[in-house]
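A quick write-up on the structure given underneath.
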Amino acid sequence: MDTSGIITNVPYDALIVGQSASMEKKITNEDITLFACLTGDINPVHFDMEYAKTTRFKTRIAHGMLGGSLVSAVLGMQLPGTGTIYLSQSLNFCYPVYLDDIITVTVTVKEKKEKNKVVLDCICTNQNGRVVIQGEAEVIAPADKITCKVTNLPKIKLLDPV
């Protein structure tokens, strides 16, 4: 994605084994709260510091799938990009994602298969270069080059529960 608000995909025929794309995201308390609102996962390890202190992590952590869902953003927005259809995803959660971690998500074309199917290695690292999540995705890459405008999302304001 570029700053003009226009995205262009990489169609199947233009994909090259070894080609990669990345994005970076700081994980905030708001991210964790919004993810919980969306999924219903209000496990206290994500919200209750006193409880979290009793766990092996000793502090609050982000939902594992919050980190994993960032892979979807790279696949859908960058590589292959618009028109990509997710078929499968495997993820190994190697190390916790903590509040204020800066996560870098990288997907790399591993294999091109028939019928526009592509296997991509997926790796998420924190600001210290530690692998927090790794896995593999299989997608159907778009056949045609697509350029389109990026959708502007609404601003969301979180209110404390009553």
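Values quoted throughout were computed directly from the atomic coordinates according to the rules given, and no laboratory measurement underlies them. None of the values given here were measured: they were computed from a predicted structure. Every residue, glycine among them, receives a Cβ derived from its backbone with ideal geometry; neighbour counts consider all protein chains shown.
Numbers for the structure displayed
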| item | result |
| --- | --- |
| LYS53 versus ASP144: modelled label distance in nm, points set 7 Å from Cα along the beta carbon direction | 6.0 nm |
| Partner aspartates and glutamates for LYS53 [C-alpha distance under 20 Å; skip if fewer than 8 residues away on the same chain] | ASP41, ASP100, ASP101 |
| Estimated vicinal HN-Hα couplings, Hz - the range 55-62 in sequence order (Karplus 6.51, -1.76, 1.60; Gly, Pro = x) | 8, 5, 7, 6, 7, 5, 10, 7 |
| Ranked packing of 137-143, 50-56, most packed first, by mean Cβ within 10 Å | 137-143, 50-56 |
| Distance between the range 147-162 and the range 118-143 - C-alpha centres, whole angstrom | 25 Å |
| Relative contact order [Cα under 8 Å, 6+ residues apart], the chain, whole percent | 31 percent |
| Highest-first arrangement of 33-43, 104-114, where packing means the average Cβ count within 10 Å | 104-114, 33-43 |
| Flagged links, alpha-carbon separation over 24 Å, of LYS25/LYS145; LYS25/LYS117; LYS26/LYS155; LYS112/LYS145 | LYS25/LYS145; LYS25/LYS117 |
| Charge dipole (debye, nearest 20) of the chain; +1 at Cβ of Lys and Arg, -1 at Cβ of Asp and Glu | 80 debye |
| LYS115-ASN29 FRET efficiency (beta carbon distance; Förster radius 35 Å; 0.05 resolution) | 0.25 |
| Which labelled figure in (i) 20.7, 72; (ii) 17.2, 54; (iii) 20.5, 65 is Rg and Dmax of the Cα atoms in Å, once derived from the coordinates | (ii) |
| Proximal aspartates and glutamates relative to LYS149, as straight alpha-carbon distance under 16 Å, when same-chain residues fewer than 8 apart are discounted | ASP2 |
| Packing-based order for 59-67, 24-32, using average beta carbon neighbours within 10 Å, highest first | 59-67, 24-32 |
